[in-house]
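The values are calculated or read from the model by the stated rules, or taken from the named source; none is laboratory data. Computed from a predicted model, the values in this text were never measured in an experiment. Methodologically, a virtual Cβ is constructed for each residue, glycine included, from the backbone with ideal geometry; neighbour enumeration extends over all protein chains shown.
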Amino acid sequence: MQQLKVVLDRIPAGLDLRLAAYAEMSRGAYSPNTLRAIRSDTSIFATWCAETGHAYGPPASPETVAAFVDAMGEIKKPATVARYIASIDHLHRALDLPVPGASNAVKLALRRLRRAKGTRQDQAKALRWPTIQKALDLMGDDLIDLRDAALLCLAYDTFARASELVAVNVGDVQQDVDGATCFIAKSKTDQEGEGDYRFIAASTYTRIMAWVETAHLDKADPLFIPLGFAAKNDRIGTRDVSEIFRRRCGDRFSAHSTRVGAAQDAKAAGASTGAIQQAGGWKSERMVSRYTEKLAARESAAAMLAQVQGR
């Protein structure tokens, strides 16, 4: 299994067998995205060691990893560097070796980086309903318009991530006496696949059914399929979601924009943080608060005071 291999065959003799055994034991325990990140991050570390003359190991010394943090901190964001260290630690745990990220040297290097650069990450531009409605008004009833309209509306209603949207099958969208729902089988915060149901507005369900019927899709089919003779896959990818959102709504938006926009619209409509958290499948209130902080500022005591004073 190649996902946990690092570049240049830099695993010392003897440890390669231990890594192979771990790879076999962990088969199916991690998502493909997690495995790709581990492979990429450890490769970056291995390449940096080769270029700078540091001993890669493993085990990698805390001093080497701390120097890596300092070097990467000049060109990468703190969150990215922290992910690199988590991947390096994962590799060491796979080999039953002490993790360098637990050392004071590495912890202090990360702390220096966070203090120097701050921890705030860029946020996707919010794609709120008025912008989506303008895009819908420009769409017709040809195949690509029906698909893109259904995708935009489902993304907004379900607060879904791009990875969740592309995994939806036709049969996951259902309507009963209580209304329409979409079953999200697995998400970033639900790696074991317990799944959950998300609300769908009646108009969204109508758009989805118009797309399904026109495209002649069956229940077992992917809901969002690529169109055109050049299509190679049976369902669109996460990059396709971003491309569709940009093409329909503007270059400022990405696949995550409907998630942010729906959270802000829900906050503006009076929904509680807990209700928004449930709607979007967040495990904590932190990201909901982050997405809606500008709206919260407008409802703060300072905003109330300015209104009372007529300022």
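Tabulated data for the structure shown
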{"item": "Verdict on LEU136 being closer than 20 Å to THR214 by Cα, crowded, with 20+ Cβ neighbours inside 10 Å, modelled with pLDDT of 95 or more and of a type in the set (A, V, I, L, M)", "result": "no"}
{"item": "From the options ARG147, ARG161, residue that is among the basic types (Lys, Arg) and more than 16 Å from the chain's Cα centre (by Cα)", "result": "ARG147"}
{"item": "Failed condition for PRO32, given (1) at pLDDT 90 or above; (2) within 27 Å of the chain's Cα centre (by Cα)", "result": "(1)"}
{"item": "Candidates THR64, THR80, filtered to the one that is in contact with a Cys (Cβ under 8 Å, 6 or more places away or on another chain) and either not in a helix (DSSP H, G or I) or not assigned by TED's automatic domain parsing to the domain that holds ILE276 (or both)", "result": "THR64"}
{"item": "Looking only at the range 225-257, and only at residues there that are among the charged types (D, E, K, R) and in contact with a Pro (Cβ under 6 Å, 6 or more places away or on another chain), the one that is surrounded by the fewest Cβ atoms within 10 Å (Cβ to Cβ)", "result": "ASP234"}
{"item": "Residue identified as touching a strand residue (DSSP E or B) at 6+ places or on another chain (Cβ under 8 Å), among the basic types (Lys, Arg) and assigned by TED's automatic domain parsing to the domain that holds ALA263 among ARG147, ARG161", "result": "ARG161"}
{"item": "Selection status of VAL168, touching a residue at least 12 places away in the same chain (Cβ under 8 Å), under 27 Å from GLN278 (Cα atoms) and not assigned by TED's automatic domain parsing to the domain that holds ASN33", "result": "yes"}
{"item": "Qualifying positions in the range 258-295 - crowded, with 17+ Cβ neighbours inside 10 Å and assigned to a loop (DSSP other than H, G, I, E, B)", "result": "ALA271, GLY281, TRP282, THR292"}
{"item": "Residue in the range 208-224 that is outside any loop (DSSP other than H, G, I, E, B), surrounded by 20 or more Cβ atoms within 10 Å (Cβ to Cβ) and not polar (S, T, N, Q) present", "result": "yes"}
{"item": "Test: residue in the range 8-15 that is at pLDDT below 90, on the phi > 0 side of the Ramachandran plot, surrounded by fewer than 18 Cβ atoms within 10 Å (Cβ to Cβ) and in a helix (DSSP H, G or I)", "result": "yes"}
{"item": "Top-ranked residue of the range 244-295 - restricted to ones that are touching a Ser or Thr at 6+ places or on another chain (Cβ under 8 Å) and hydroxyl-bearing (Ser, Thr, Tyr), ranked as modelled with the highest pLDDT", "result": "SER254"}
{"item": "Residues (of a type in the set (Ser, Thr, Tyr), touching a Phe, Trp or Tyr at 6+ places or on another chain (Cβ under 9 Å) and part of a helix (DSSP H, G or I)) located in the range 225-257", "result": "SER242, SER257"}
